[in-house]
Each structure stands twice: as structure tokens, then as C-alpha cells.
1. For region 102-135, enumerate the residues that are closer than 23 Å to Leu14 by Cβ and either among the β-branched types (Val, Ile, Thr) or in contact with a His (Cβ under 6 Å, 6 or more places away or on another chain) (or both).
2. Would you mind finding the one in Gln92, Gln64, Gln99 that is more than 23 Å from Gln21 (Cβ to Cβ) and part of a strand (DSSP E or B)?
3. Mind counting the residues in region 12-43 that are more than 12 Å from the chain's Cα centre (by Cα), surrounded by fewer than 13 Cβ atoms within 10 Å (Cβ to Cβ) and closer than 19 Å to Trp54 by Cβ?
4. From the list Asp116, Asp71, pick out the single residue that is more than 29 Å from Leu7 (Cα to Cα) and of a type outside the set (S, T, N, Q).
5. Go through (1) β-branched (Val, Ile, Thr); (2) farther than 30 Å from Pro132 by Cβ; (3) touching a strand residue (DSSP E or B) at 6+ places or on another chain (Cβ under 6 Å); (4) in contact (Cβ under 8 Å) with a residue 60 or more places away in the chain and name the single condition Val37 misses.
6. Condition (residue is assigned to a loop (DSSP other than H, G, I, E, B), touching a residue at least 40 places away in the same chain (Cβ under 8 Å) and surrounded by 11 or more Cβ atoms within 10 Å (Cβ to Cβ)) applied to region 118-132: is it met by at least one residue?
7. Would you confirm whether or not region 102-109 contains a residue that is without any contact (Cβ under 8 Å) to a residue 24 or more places away in the chain and either assigned to a strand (DSSP E or B) or surrounded by fewer than 14 Cβ atoms within 10 Å (Cβ to Cβ) (or both)?
8. Got at least one residue in region 87-97 being in contact (Cβ under 8 Å) with a residue 60 or more places away in the chain, farther than 18 Å from Arg122 by Cβ and among the hydroxyl-bearing types (Ser, Thr, Tyr)?
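Any read-out appearing in this document is the output of simple, stated calculations on the displayed coordinates, not a laboratory observation. Bear in mind the structure is a predicted one, so any value in this text is a computation, not a measurement. Positions of Cβ are backbone-derived with ideal geometry, glycine not excepted, and every protein chain shown enters the neighbour counts.
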Amino acid sequence: MSDTRILPDLQCSLLCEDIRQENNGNPMLFGILTKVVVQQLPVTAHKIFCFNRWTAGVGEFTEQVKIIAPDGATTICENKTKYKLASPDASQTNVHLFQNVTLKDPGAYQIEINVDEVLKLRYPLPVVLVNPQDQTHNPGLDSPKSNEE
């Protein structure tokens, strides 16, 4: 094996509520999370999965996934895993399970994906607090339109 080491590319990262495996071995993702809308805080998410797929790298790597609170400084949970890519044509899918994640404040929680301590991706998971009595739609929520309007 060559001593060449190539840091991999992150092909995708998705948060979801569950992951299962099809009969053919492919993953099925359920409840892909674009935001969390709740009527009260704090709220505890019993399971959050982070599905990451890596490619175009060569070598052994450590992936780290963090969920960071809206203050931008507090890491509320993190997970690490090691993996290996033998050639640039190889790919690796890593799944992280975060259990009993308490979301205390509204705002944008940040999901950070690192490989060997190099930040590859950071994306928001908005936590939105809504009043059930409020019938107005916040335009930033991607709410489906009601037929009653």
C-alpha cells in the first residue's frame, strides 16, 4: 500500500429519526430533519441519527460529529468513529446515533462534521418554538399552505 494519504470528501450528511437496512443492503432514512417545531422547551429527542457518506479519500480517518447549542459555544453531544478508505473510488457510510438529546433553547443548533479535526461541514438544525393558539405562519418555516385560506 502506498503512503499517499488523501483527506476524503463528505458526499452528504443528513439528520433523521431512524435508519433501517433494505434487503439489498442499502440504507433507508426515515423522518429526515429540516427543523424541530415544538410547543414547549426543553424537549428531548430520544433518537437523532446522523448519516454521513465519505468518498474520494485514501487512508485511515477519524470522523467527529457535534451538535452545538444556539449560543455557538456549547457542545451538547458529540460522537466519533474511525474508518478507512482503500482507494479514491471507495466510499464509506457512517451512522451516528445520538440518544436523549435535550434541546433547551429555540434557535439554530449547528451540526458539525469533522474529519481528523478538519471541519468539513457545518449546517443548522433550527428549533422553533410555536404557540398552538397562534394561527399565523412564520414565512421562514416552510409551512405547507392550508386549503382553508
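1. First, pick out the residues of region 102-135 that are closer than 23 Å to Leu14 by Cβ: 102-103, 106-128.
Those that are closer than 23 Å to Leu14 by Cβ and either among the β-branched types (Val, Ile, Thr) or in contact with a His (Cβ under 6 Å, 6 or more places away or on another chain) (or both): Thr102, Ile111, Ile113, Val115, Val118, Val127, Val128.
2. Details: Gln92 fails: more than 23 Å from Gln21 (Cβ to Cβ); Gln99 fails: more than 23 Å from Gln21 (Cβ to Cβ).
Criteria check complete, one pass: Gln64.
3. 3
4. Working: Asp116 fails: more than 29 Å from Leu7 (Cα to Cα).
Testing whether each residue is more than 29 Å from Leu7 (Cα to Cα) and of a type outside the set (S, T, N, Q) leaves just Asp71.
5. Going through the list (1) β-branched (Val, Ile, Thr); (2) farther than 30 Å from Pro132 by Cβ; (3) touching a strand residue (DSSP E or B) at 6+ places or on another chain (Cβ under 6 Å); (4) in contact (Cβ under 8 Å) with a residue 60 or more places away in the chain, Val37 breaks only (2).
6. Of region 118-132, the ones assigned to a loop (DSSP other than H, G, I, E, B) are 130-132.
So of that shortlist, the ones also touching a residue at least 40 places away in the same chain (Cβ under 8 Å) come out as 130-132.
With surrounded by 11 or more Cβ atoms within 10 Å (Cβ to Cβ) added as a condition, the list becomes 130.
Within region 118-132, one or more residues are assigned to a loop (DSSP other than H, G, I, E, B), touching a residue at least 40 places away in the same chain (Cβ under 8 Å) and surrounded by 11 or more Cβ atoms within 10 Å (Cβ to Cβ).
7. Taking region 102-109 as the starting set, the residues that turn out to be without any contact (Cβ under 8 Å) to a residue 24 or more places away in the chain are none.
No.
8. Yes, that holds for at least one residue.
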